[in-house]
Amino acid sequence: MRKDIILHLSALLILFLLEILGIFSEYHQGNFARILVLAAYGVGYNILFGYTGLLSLGHALFFSAGLYASGLSIYHLDYNIEQSLFLGICISALISLIIGFLALRTIGVSFMIVTLMFSQIAYLSILYFGSITRGDEGFVIQQSSRVFLSMDLSNPKIRYYSALLIFSLCMLINLWIAKSPFGRVLVAIRENSDRALMLGYNVKLYKLFSIIISGTISGLAGACYGILFGYVGASFAAVSYSIFPLLWVLIGGAGTVLGPLIGAIFMFYLIDYASDITDAYMIIVGVALLFVTLFARRGIIGELRFRYYKWIS
């Protein structure tokens, strides 16, 4: 097996063993369950930004599409987990197709602004239709509805393993894309889209496929987040949840498979520990991020790949 494949499978094995060997405390077990689902969201963003070079400021649209499609179907229509999850994925894929088709009519800064505008429309719609979505307050998915194949997903151990399974699936998809001809074309488009066009590739079509894959993975993460943690709220559609995956990818390493996971772990615990020290914890977070960007411009995994391990995907 190639070294990079061994590396990524080893990372998944370590995450599995940390739980099965009882190394995690209950606190860190819950934290890592959240981190793994959010890292899956970061994987979706990484495919669009890290591999294709498209900077989106509205990715919370796709995350919240999966979150609300699955959550509302359970809350109002009494769908089971399988039905709600399938609906969340389908709605996310459809919205990704529509947004991709419209947003790709622009380039550069205009693309960022258009994606941000669509995301804000979704966020304001959630607030406006509060009688259905419960607005800014959100709603709780009852424990009795969070049962999959006779397994209670609110159980901390089952929730952790479910989150690990979701992240593993998304990470392996990302690894496959990175090694496939399709992924190499995406990287070529990122590096020089004009040259890729001259070589005969349909650049817009590849970008559209990238948006659809990215949005669908992000929607899957959103649907799973609501199901696993039992809460759906408008805050997940806010601008901050479009900025978070960008930070995770930049800190971990854009265009690296493990980058979103490392970035999500770093950001989650940085905010967690800084908030214990002071109410002005964002100052500490900002200074720490400044040092990371100054001394690891390619991200943590990106710097390791650039300086020492060229074979890392």
*Among the candidates S110, S96, single out the residue that is assigned to a helix (DSSP H, G or I), over 29 Å from G30 (Cα atoms) and modelled with pLDDT under 95.*
S110
*Does the stretch 278-300 include one or more residues that are at negative phi and at pLDDT 90 or above?*
yes
*Looking at (1) more than 19 Å from G42 (Cα to Cα); (2) surrounded by 14 or more Cβ atoms within 10 Å (Cβ to Cβ), which is the one condition that is false for S180?*
(2)
*Which condition breaks for S110 when tested against (1) surrounded by 13 or more Cβ atoms within 10 Å (Cβ to Cβ); (2) of a type outside the set (A, V, I, L, M); (3) over 22 Å from the mean Cα position of the chain (by Cα); (4) under 22 Å from I213 (Cα atoms)?*
(1)
_Residues of the stretch 10-62 that turn out to be surrounded by 24 or more Cβ atoms within 10 Å (Cβ to Cβ) and of a type in the set (S, T, Y), as a count_ = 5
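Conditions tested, residue by residue: (1) without any contact (Cβ under 8 Å) to a residue 24 or more places away in the chain; (2) more than 30 Å from G22 (Cα to Cα); (3) polar (S, T, N, Q).
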position	(1), (2), (3)
G108	yes, yes, no
G138	no, yes, no
S144	yes, no, yes
S150	yes, no, yes
Y161	no, no, no
*Taking only the stretch 176-221 into account, find how many residues are of a type outside the set (F, W, Y) and within 23 Å of G66 (Cα to Cα).*
15
*Return the total of residues in the stretch 237-270 being assigned to a helix (DSSP H, G or I) and buried (at least 21 other Cβ atoms within 10 Å of the Cβ).*
17
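So that you can scan it fast, the table gives a plain yes or no per residue for (1) more than 23 Å from the chain's Cα centre (by Cα); (2) hydroxyl-bearing (S, T, Y); (3) in a helix (DSSP H, G or I); (4) surrounded by 15 or more Cβ atoms within 10 Å (Cβ to Cβ):
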site: A122; (1), (2), (3), (4): no, no, yes, yes
site: I126; (1), (2), (3), (4): no, no, yes, yes
site: I132; (1), (2), (3), (4): yes, no, yes, no
site: S144; (1), (2), (3), (4): yes, yes, yes, no
site: I158; (1), (2), (3), (4): no, no, yes, yes
*Going through the stretch 278-302 one residue at a time, which ones are in contact (Cβ under 8 Å) with a residue 40 or more places away in the chain and surrounded by fewer than 16 Cβ atoms within 10 Å (Cβ to Cβ)?*
T293
_Which of the numbered conditions does K310 fail, given that it passes all the others? Conditions: (1) without any contact (Cβ under 8 Å) to a residue 40 or more places away in the chain; (2) over 19 Å from the mean Cα position of the chain (by Cα); (3) assigned to a helix (DSSP H, G or I)._
(3)
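The values are calculated or read from the model by the stated rules, or taken from the named source; none is laboratory data. Here the structure is a predicted model, which is why all the values come from computation and not from measurement. Glycine also receives a Cβ, built like all others from the backbone with ideal geometry; neighbour counts cover every protein chain displayed.
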